[in-house]
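Student: If you scroll down you'll find the structure; I have some questions about it.
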């Protein structure tokens, strides 16, 4: 029996990078890297949720399942990730298809996460059964203490972190460690989603991670790398060119 299903959201439109999911990263489209990585974990089936016939056909050729095209309602720039996931899960429910205990949300925009990390994160969640979710994080590139605002003069100490503020330290190396969430790995118990299965809103604010019952899995900065704009895509191309791209 499968342990998990992977859901890869891949709609056709993108505001910041045209045809982002089918844009080539190295020799293959961005989408293919995530499909192949998920398939190679051998943990469960991979489903692509898309509104594009082109993406659907391509995904199926790689071995992913695309049981339908995502309706326009759940494919707009304002549609949330949760609405996309719930729409797919309703398909399983309506067709009386049994689901494994866990669902992983794996966007194509984090192409450098490794198979090893996906499997280790999933193992950590299964060993900590009292938690509903696991979410990846990495060391923050910009520390919260460095947030400032200007109002005639420059103001510091804008953010207190772990009981401290900027002026408590003279050297940045003495700052308490700060981490940033990354969408590279997000795995949640199926039962959490089914609490909201009757929510048909396309902009539901519910998170695909159970924020009240979540443990973390730390990634290095390469695995946490997220492609949000053209500059990020250019950097990703350089990483691939310099052989800093691995999915094993």
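Throughout, read-outs are computed from the coordinates displayed, never taken from laboratory work. Only a predicted model underlies this, so the values are computations on that prediction, with no experimental measurement involved. Reconstructed Cβ throughout: ideal geometry from the backbone, glycine too, with neighbour counts over all protein chains shown.
Student: Given a 10 angstrom Cα cut-off, can you work out which residue in 156, 145, 200 is the most mobile in a GNM of the chain?
Tutor: Comparing 156, 145, 200 in the GNM, the peak value goes to 156.
Student: What is the extension gain from residue 205 to residue 45, computed as 0.36 nm multiplied by their sequence separation minus the C-alpha to C-alpha distance, in nm to one decimal?
Tutor: This chain segment gains 54.9 nm when fully extended.
Student: Still on this structure: Can you give the extra length, in nm with one decimal, that the chain gains between residue 180 and residue 238 once fully stretched, where that is 0.36 nm per residue apart less the Cα-Cα distance? Can you show the working numbers first?
Tutor: Working: separation 58, 0.36 × 58 = 20.88 nm, distance 2.32 nm.
That works out to 18.6 nm of additional length.
Student: Right, something else. Hey, for a label at residue 197 modelled as a point 7 Å past Cα toward Cβ, could you say which residues of segment 81-113 have their backbone N under 12 Å away?
Tutor: 86-100
Student: Please find, in a Gaussian network model of the chain (springs between Cα atoms separated by less than 10 Å), the residue of 146, 62, 31 whose mean-square fluctuation is greatest.
Tutor: Evaluated over the chain, the most mobile residue of the options is 146.
Student: Relative to the first principal axis of the alpha-carbon coordinates of the chain, what is the inclination of helix 230-241, with its axis defined by its Cα atoms, in degrees from 0 to 90 and to the nearest 10?
Tutor: Orientation of helix 230-241: about 80 degrees from the principal axis.
Student: Using Cβ counts within 10 Å as a stand-in for footprinting exposure, how do 136, 158, 167 rank, fewest first? The partial results should precede the final answer.
Tutor: Values: 136 22, 158 13, 167 9.
Starting with the residue having the fewest Cβ neighbours, the order is 167, 158, 136.
Student: Test of understanding: ordering 25, 96, 69 by Cβ neighbours within 10 Å, fewest first, what list do you get?
Tutor: Working: 25 21, 96 6, 69 15.
Ordered from fewest to most neighbouring Cβ atoms within 10 Å, 25, 96, 69 come out as 96, 69, 25.
Student: Provide the percentage of antiparallel DSSP beta bridges, counting only those with both residues in the chain; round to the nearest 5. Present the calculation step by step, with values, prior to reporting the outcome.
Tutor: Working: 16 of 30 bridges.
So the antiparallel bridges amount to about 55 percent of the total.
Student: If you count, for each residue, the other Cβ atoms within 10 Å and average over each peptide, how do 114-121, 44-51, 75-82 line up from highest to lowest?
Tutor: In decreasing order of mean packing, 114-121, 44-51, 75-82 become 44-51, 114-121, 75-82.
Student: Here's something else I'd like to know. Given a 10 angstrom Cα cut-off, can you work out which residue in 126, 186, 54 is the most mobile in a GNM of the chain?
Tutor: 54
Student: Can you tell me, using C-alpha contacts under 8 Å and at least 6 residues apart, the relative contact order of the chain as a whole percent?
Tutor: Once divided by the residue count of the chain, the mean separation gives 26 percent.
Student: May I ask for the angle, rounded to the nearest 10°, between helix 81-94 and the longest principal axis of the chain, with both axes built from Cα atoms and the value confined to 0 to 90°?
Tutor: That works out to roughly 30 degrees.
Student: Note the full-extension length gain between residue 92 and residue 128 as 0.36 nm times their separation in residues minus their Cα-Cα distance, in nm to one decimal. List each step's numbers first, then the result.
Tutor: On the way: separation 36, 0.36 × 36 = 12.96 nm, distance 2.64 nm.
Residue separation times 0.36 nm, minus the Cα-Cα distance, leaves 10.3 nm.
Student: Would you mind checking the tilt of helix 30-40 against the longest principal axis of the Cα atoms of the chain, expressed as 0 to 90 degrees and rounded to 10?
Tutor: Result, in degrees: 70.
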